[in-house]
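> I'd like to ask you about the structure that follows.
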Amino acid sequence: YFLQQHFGPQVQLDVYEAAGVGGRLATVTVNKQQYESRGASIHALSLHMQDFVKILGLKHRREVAGKSAIFSGEHFVLEETDWYLLNLFRLWWHYGISFLRLQMWVEEVMEKFMRIYKYQAHGYAFSSLEELLRSLGGEAFVNMTQRSVAESLLEVGVTQRFVDDVIAAVLRSSYGQSVLVPAFAGAMSLAGAQGSTWAVEGGNKLVCSGLLKLTKANVISARVTGISLHSSEGRALYQVHYESTEGQGSAFYDMVVVTTPLHPSRSNFTFENFDPPIADLPGAFQPSVTSVVHGYLNSSYFGFPDPKLFPFTSILTTDTPELFFHAMDNICPVNISAAFRRKQPQEAAVWRVLSQQPLDKHQLKTLFRSYYSVQVTEWQTYPRYDAAKALPPIVLHENLFYLSGVEWVASSMEMTAVAAKNVALLAYNRWHQDLEKIDQKDLMHKVKTEL
């Protein structure tokens, strides 16, 4: 979509997709209703996602209220109520002003991050993730990809107890990882937990299929196996090799954007004829399992012998060794009618359980008194954030770009959209030799003077 916006409608776009469009934005069907299996919520400040929804004529899904709690394996360490002031009082009572310090820290990061939309609106692009981060928050933002969220929060006066109870629970539910996640990825995840979020009526994946339709991109159902470099009239030419149900094939392109994660655990991808060769990228991916269970919650496990009295629709967990799941929530279908009501806690409902390993029968019986169906999706979802120190490159070769590296900064729909816009602008500016628009310093000042 962004490439077409900048290069114009005459650009020919081929998209190689082996599985369904949308990747992690996927749904599962229970009783003829569709439910998000992953990538379920979008932050209110996600301006690109907001734009896509408007452009495509999609709608925000109706919100259905529900309460959250954090479970330690033995008891709830924090419970949300219907009363905003009572929630604030409980936070203050348990953790002093830690939650205010957290809020100030997240808001400061988000305020600086929001500069990216201004820069992109003025056509500025960055040739590396470090340059992009520096333009937003200086060296401090680059450092936030190298040190843990726990370290950063303790430094601004957040207590260890708050980190162990609340921060750990949020990061387990979003990334399936601990408070050793880098501070930048942590801040983005915590912003999503604090701010208001939304979802697309009919499923978030409709944004992907909608944008492809809008750009009239040619979607080729095939798995790319490699890219080899050729040259034509002094310009690089890339041959993309692929496998489909019809066999093997290849095609030539002036420009290629690689959007699949280039990690040995994720793709068997080869680069040929490149000098110097394109190096393997370090790091690994975190296995993650989503189980969508239609059944009766075992509220006794959570200390509520009478299921009618169980008040929560979302349960986060602390980092306790014996806890076998990261989070679970009572989910609503992607199409919510005006008459829709959430199931009562004693009724059979659809729950999404996030865990690192598939749940065995004993674990399912621990969480549910009985169940009708279980649908399991295993993903290599997020980078293992403690596994890599250097950020991946954006430019692999002259007109060969890598999009998914942004996940090592933070992983969300909006981060991918920001990275996509950056790659499209970078490709356009490099193609037209407009170097004034790449890696410029002091952009806040430049953008103000342009206005």
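> Pop out the Kirkwood hydrodynamic radius of the stretch 59-131 from its pairwise C-alpha distances, inverse of mean 1/r, in Å to one decimal.
Averaging 1/r across every pair of different Cα atoms and inverting gives 16.3 Å.
> By per-residue mean of other Cβ atoms within 10 Å, what is the highest-first order of 248-254, 68-74?
Highest to lowest by the protection proxy: 68-74, 248-254.
> Round to the nearest 10 and give me the degree value, 0 to 90, for the angle of helix 413-431's Cα axis relative to the longest principal axis of the chain.
10 degrees
> Right, something else. Name the residues of the stretch 317-355 whose amide N is less than 16 Å from a point 7 angstrom out from the Cα of LYS59 along the C-beta direction?
333-341
> Helix 84-95 against the longest principal axis of the chain: what's the angle in degrees, Cα atoms only, rounded to the nearest 10?
Rounded to the nearest ten degrees, it is 90.
> Follow-up. Rounded if a/c is under 1.5, else prolate if a/b beats b/c, else oblate: with a ≥ b ≥ c from the C-alpha gyration tensor eigenvalues square-rooted, which is the stretch 1-146?
Cα axes put the stretch 1-146 in the oblate bin.
> Calculate the spin-label point distance for SER221 paired with TYR301, positioning each point 7 Å from the Cα along the beta-carbon direction, and give it in nanometres.
It works out to 3.8 nm between the two label points.
> Given 10 Å bins starting at zero, what is the percent of C-alpha pairs of the stretch 350-451 in each, up to the one with the largest pair distance?
11, 27, 24, 16, 12, 8, 1
> For the stretch 392-451, what number results from the quotient of the Cα radius of gyration and 2.2 N^0.38 Å?
1.24
> Order MET110, MET444 by their accessible area, 1.4 angstrom probe, all chains in place, largest first.
Final ranking, largest accessible area leading: MET444, MET110.
> Setting aside same-chain residues fewer than 8 positions from LYS112, which lysines have a Cα under 22 Å from its Cα?
Output for LYS112: LYS421, LYS437, LYS441, LYS446, LYS448.
> For the stretch 116-163, rounded, prolate or oblate, judged on the Cα gyration tensor with a ≥ b ≥ c (square roots of eigenvalues), a/c < 1.5 rounded, else prolate if a/b > b/c?
prolate
> Now for a different question. Could you sort GLU111, GLU398 by their accessible area in this structure, using a 1.4 Å probe and putting the largest first?
Ranked from most to least accessible, the order is GLU111, GLU398.
> May I pose another question? At 0.36 nm per residue, and after removing the present C-alpha to C-alpha distance, how many nm does the segment from GLN10 to ARG369 gain when stretched out fully?
Full-extension gain reported as 123.4 nm.
The values are calculated or read from the model by the stated rules, or taken from the named source; none is laboratory data. This is a predicted model, so every value here is computed, not measured. Because the Cβ atoms are built from the backbone with ideal geometry, glycine has one as well, and the counts that use them run over all protein chains shown. Please note that ligands, DNA and RNA were not included when accessible areas were found on the heavy atoms of the full protein model with its side chains. Shrake-Rupley method; radii C 1.70, N 1.55, O 1.52, S 1.80 Å.
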